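Below is a structure I'd like to ask you about.
The values are calculated or read from the model by the stated rules, or taken from the named source; none is laboratory data. Because the structure is a prediction, the values reported are computed rather than measured. We place every Cβ from the backbone using ideal geometry, glycine too, and count neighbours over all the protein chains shown.
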Amino acid sequence: MFNKVLIANRGEIAVRILRACRTLGIGAVVAYSEADRDSLAAQIADEAICIGPADARRSYLCAPALISAAMVTGCDAIHPGYGFLSEDEGFADVVRAHDLAFIGPSAEVLERFASKEATRRLLAAHGLRTVPGSAMLRDEAHALAEAERIGYPVLIKPSGGGGGKGMRLVRNAQELESTFKVSRSEAKAAFGDDSLYLEKFLEENRHIEIQVAVDRFGNAVHMFERDCSVQRRHQKIIEETPTPALNEAQRLDLAECALKAVTAAGYENLGTLEFLVDNKGDAYFIEINCRIQVEHAITEMVTGIDMVALQIKIAAGEPLGIAQSDIVATGHAIEFRILAEDPAKDFRPQAGLVGAYLTPGGPGVRMDSHLYPGYEIPTYYDSLLGKLCVWAPDRATAIARGDAALRELLVDGVTTNIELHRAILANQVFLDGKVTTSLLDRVGSAPFVAAGSR
Ligand code: ADP
């Protein structure tokens, strides 16, 4: 096992990783930017080190700063969290070249799964159904020909993508012509890689993902699925497990197929395979995330497995230590992403000083957050303030607990989406378990915002 881990991330994930290190009895150093000097992670850590200015490119994304921070503090491993450098094979390689361990897949594994388009082909070759789509697009003429073959509407997707950036829906050839170049430059700006591919746009679908864990010895398990269909502009806002959209046999079949394909393709460490599922229950693979995910906490709640600790153990070369038959998912869990944004003003990101901060409690309630009263939310980073997760023996009770917990949660001084969550929970489509990924964008969030305001 490692002696000391550098936590190369911020916000609630830095706090979460710190907790896992402490549980495992290993040291941890929190790396923070100048804008995060007063962060909760830096305050509660035994050791913390400044890695540069607020601009992430010069701190959280700056490999030399992170490597030197790890070396001067005597760390033997770096945990990149999620986002930032967590799926960067170049960084994983540099970390290893400095005799440090990268907590995540190896550089080779990250490279194999780096291109979304190549991963689609790789996993299709190992038996997963994928959304009909194109190979990498050479130019606009190629894009037009491929879109014609696939049939409109299609989505233009950056192959190096993530976070919905550069992804564009086009309904006809004219739209494709006017969008193609914009997508290319957006992809280049966001990922340093302008390669694009097309996918058939599935109008009504659910986003269901399978959590897997694979160690170096070929032991592999899945931890069932998460349903992340409540989205806004292709970004998840509520996740739950189990999915209300599939029956027991369909759930297990999807999890087993995903695990089989990904292990055959040579995956290692924790990972998530994302699928779009149509109303017949047919699942189409879209992408793999080679890292811990924001929504891992609901899987922890139903399985009782500390996934961050498990990830650290795998990276340290330890065997999984759990068999598939040991993993039992009990009850129902829901996560609400608490975001600093104003639903009434087109979800504009908010910053500011947190006044009173009251967190909910009671059975089955978990709040993972880096907030505290008096915390000044910096403007430089994403708007995730924390995750409120609830667990209950069944879905209806989990929804009731979720609403009760959201009512108790108070973040004074900053506008948040707490009331939007409550409105979604009260919505009949959600109660029926029938939300599709485009619901909020199609009906607009106005009805939810109006219903949710107190
Ligand atoms: P990113 O990596 O940028 O998050 P994904 O490929 O994971 O992009 O897709 C994010 C979301 O976009 C999905 O959960 C879904 O809502 C929507 N989406 C992606 N591909 C399709 C598709 N082919 N048809 C319809 N919606 C899609």
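Considering each of G52, G133, G74, G90 in turn, give the residue that is over 18 Å from the mean Cα position of the chain (by Cα), at pLDDT 95 or above and within 12 Å of the ligand (Cβ to nearest atom). If you could, list the steps in order and put the result at the bottom.
Details: G52 fails: within 12 Å of the ligand (Cβ to nearest atom); G74 fails: within 12 Å of the ligand (Cβ to nearest atom); G90 fails: within 12 Å of the ligand (Cβ to nearest atom).
Step by step, each of G52, G133, G74, G90 is checked, and only G133 is over 18 Å from the mean Cα position of the chain (by Cα), at pLDDT 95 or above and within 12 Å of the ligand (Cβ to nearest atom).
Further, regarding this structure: In region 261-285, which residues are over 14 Å from the mean Cα position of the chain (by Cα) and within 15 Å of the ligand (Cβ to nearest atom)?
Scanning region 261-285 gives L276, V277, D278, N279, D282, A283, Y284, F285.
Working carefully through the options L137, L123, find the one that is over 23 Å from R232 (Cα atoms) and either in the same structural domain as V277 (by TED's automatic domain parsing) or part of a loop (DSSP other than H, G, I, E, B) (or both).
Exactly one residue qualifies, and that residue is L137.
Let's see how each residue does on (1) closer than 20 Å to E87 by Cα; (2) out of contact with any Leu (no Cβ under 8 Å at 6 or more places or on another chain); (3) within 11 Å of the ligand (Cβ to nearest atom):
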| residue | (1), (2), (3) |
| --- | --- |
| G218 | no, yes, no |
| R226 | no, yes, no |
| K236 | yes, yes, yes |
| L259 | yes, yes, no |
| R291 | yes, no, no |
| V294 | yes, no, no |
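Looking at region 175-207, which of its residues are in contact with a Lys or Arg (Cβ under 8 Å, 6 or more places away or on another chain) and either within 30 Å of G433 (Cβ to Cβ) or touching a residue at least 24 places away in the same chain (Cβ under 8 Å) (or both)? Step through it out loud before you land on a result.
Filtering region 175-207 for residues in contact with a Lys or Arg (Cβ under 8 Å, 6 or more places away or on another chain) gives 179, 182-183, 186-187, 190-191, 194, 196-199, 207.
Answer for region 175-207, where residues must be in contact with a Lys or Arg (Cβ under 8 Å, 6 or more places away or on another chain) and either within 30 Å of G433 (Cβ to Cβ) or touching a residue at least 24 places away in the same chain (Cβ under 8 Å) (or both): S183, E186, A187, A190, F191, D194, L196, Y197, L198, E199, H207.
Against the condition among the polar types (S, T, N, Q) and buried (at least 23 other Cβ atoms within 10 Å of the Cβ), how does S86 come out, does it pass? Let's see the steps before the verdict.
Numbers: among the polar types (S, T, N, Q): yes; buried (at least 23 other Cβ atoms within 10 Å of the Cβ): yes.
When the stated conditions are applied, S86 passes them.
For residues in region 1-56 being part of a helix (DSSP H, G or I) and charged (D, E, K, R), which is surrounded by the most Cβ atoms within 10 Å (Cβ to Cβ)? Lay out the reasoning, then the answer.
So the first thing to find is which residues in region 1-56 are part of a helix (DSSP H, G or I), and the list is 11-24, 34-36, 40-44, 56.
Applying the additional criterion that residues be charged (D, E, K, R) yields 12, 16, 19, 22, 34, 36.
On the way: E12: 23, R16: 27, R19: 16, R22: 15, E34: 15, D36: 25.
Among them, the one singled out is R16.
From (1) out of contact with any Pro (no Cβ under 7 Å at 6 or more places or on another chain); (2) at pLDDT 95 or above, pick out the condition that doesn't hold for A450.
The one condition A450 does not meet is (2).
Within region 140-166, track down each residue that is outside any helix (DSSP H, G or I) and farther than 20 Å from F191 by Cα. Steps first, answer last, please.
Just the residues of region 140-166 that are outside any helix (DSSP H, G or I), to begin with: 151-166.
Hits for region 140-166 are G151, Y152, P153, V154.
Something else: Quick one: which residue in F84, F91 is under 25 Å from A35 (Cβ atoms) and not in a loop (DSSP other than H, G, I, E, B)? Please lay out each step first, then the result.
Working: F84 fails: not in a loop (DSSP other than H, G, I, E, B).
Selected residue: F91, the only one of F84, F91 that is under 25 Å from A35 (Cβ atoms) and not in a loop (DSSP other than H, G, I, E, B).
Restricting to region 169-186, name every residue that is within 13 Å of the ligand (Cβ to nearest atom), in a helix (DSSP H, G or I) and of a type outside the set (D, E).
Of everything in region 169-186, just one residue is within 13 Å of the ligand (Cβ to nearest atom), in a helix (DSSP H, G or I) and of a type outside the set (D, E), namely S183.
Continuing with this model, one more query. Run V414 past the list (1) closer than 17 Å to H207 by Cβ; (2) assigned to a loop (DSSP other than H, G, I, E, B) and report the number of the one that doesn't hold.
Answer for V414: the failing condition is (1).
Let me ask another. Filter region 187-202 down to the residues that are closer than 20 Å to F285 by Cβ and either part of a loop (DSSP other than H, G, I, E, B) or among the hydrophobic types (A, V, I, L, M, F, W, C) (or both) and list them by number.
Here is the first cut: in region 187-202, the ones closer than 20 Å to F285 by Cβ are 195-202.
The answer is S195, L196, L198, F201, L202.
Right, something else. Could you say whether any residue in region 149-168 is more than 22 Å from the chain's Cα centre (by Cα) and near the ligand (Cβ under 9 Å from one of its atoms)?
Here is the first cut: in region 149-168, the residues more than 22 Å from the chain's Cα centre (by Cα) are 149-154.
Now narrow it down to the ones that are near the ligand (Cβ under 9 Å from one of its atoms): 153-154.
The answer is yes; a qualifying residue exists.
To keep it simple, each residue is scored yes or no on (1) within 25 Å of I156 (Cα to Cα); (2) crowded, with 24+ Cβ neighbours inside 10 Å.
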residue	(1), (2)
H234	yes, no
I237	yes, no
P244	no, no
L254	no, yes
A265	no, no
F275	yes, yes
G304	no, no
A309	no, no
